[in-house]
Amino acid sequence: MKRIYSVLVENRAGVLCKVAGLFWRRCFNIDSLAVGETDDHTVSHMVIVSSGDDKTLEQIEKQLNKKLDVIKVKTFSEQEAVSRELMLIKVHYNRTNRRDIMENCSIMGAQIVDMSGSMMTIQICDTPERVQMFLDTFKTIRIVEITRTGTLAVTKCSESGKD
């Protein structure tokens, strides 16, 4: 089972190391980690995706709440979240596969953001599952380089306004 942890932390040097150390020491798995400043420059927002059994996931939340630099921890499931991931992929193309690549981009909502005579860089921003699905379409094409962000997620909007 996967769980998403939305963690507000003080924006100081070493905080990421402390949080990563917590996972390392207790052998918790990090599937994805994304960190960025909020509108308040003294606060950063971490989105951590982790997997494990119920006991492990509960323990992660408890341990995160014990950290001094942690301001607030919210947890939610993938079904309760709107999540996105960004991937940049550089591929080698030729006359025979160029059209297929461009059609796949069009179908999946990806964009070609850079191109030379034999390579192109493609950007896709979508759910982690659709990003992986898009990547799977490139099994027969020579991939030069891939870079992906971690998952970014927020809870879905509710009518009650209690987000």
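The values are calculated or read from the model by the stated rules, or taken from the named source; none is laboratory data. As the structure is a computational prediction, the values presented were derived from the model and not from experiment. Glycine gets a Cβ as well: all are built from the backbone with ideal geometry, and neighbour counts include every protein chain shown. We work out accessible area using only protein heavy atoms, side chains counted, and drop any ligands, DNA or RNA first. Shrake-Rupley method; radii C 1.70, N 1.55, O 1.52, S 1.80 Å.
Please verify whether the stretch 147-163 includes one or more residues that are surrounded by 11 or more Cβ atoms within 10 Å (Cβ to Cβ), modelled with pLDDT under 95, touching a helix residue (DSSP H, G or I) at 6+ places or on another chain (Cβ under 9 Å) and among the hydrophobic types (A, V, I, L, M, F, W, C). Yes, the conditions are met somewhere in the stretch 147-163.
The number of residues in the stretch 124-147 that are touching a residue at least 60 places away in the same chain (Cβ under 8 Å) and either among the acidic types (Asp, Glu) or within 19 Å of Tyr5 (Cα to Cα) (or both) comes to 1. Restricting Leu68, Leu22 to residues that are assigned to a helix (DSSP H, G or I) and either open to solvent by less than 60 Å² (accessible area, probe 1.4 Å) or not basic (Lys, Arg) (or both) narrows the list to Leu22. Taking Ile101, is it closer than 30 Å to Ser6 by Cβ and touching a residue at least 24 places away in the same chain (Cβ under 8 Å)? Taking the combined requirement at face value, the residue does not satisfy it. The set of residues in the stretch 92-113 that are outside any helix (DSSP H, G or I) and under 29 Å from Val47 (Cα atoms) comprises Gly109, Ala110, Gln111, Ile112, Val113. Just need a number here: residues in the stretch 114-141 that are open to solvent by less than 50 Å² (accessible area, probe 1.4 Å) and either in contact with a Ser or Thr (Cβ under 6 Å, 6 or more places away or on another chain) or not in a helix (DSSP H, G or I) (or both). Looking only at that region, the number is 10.
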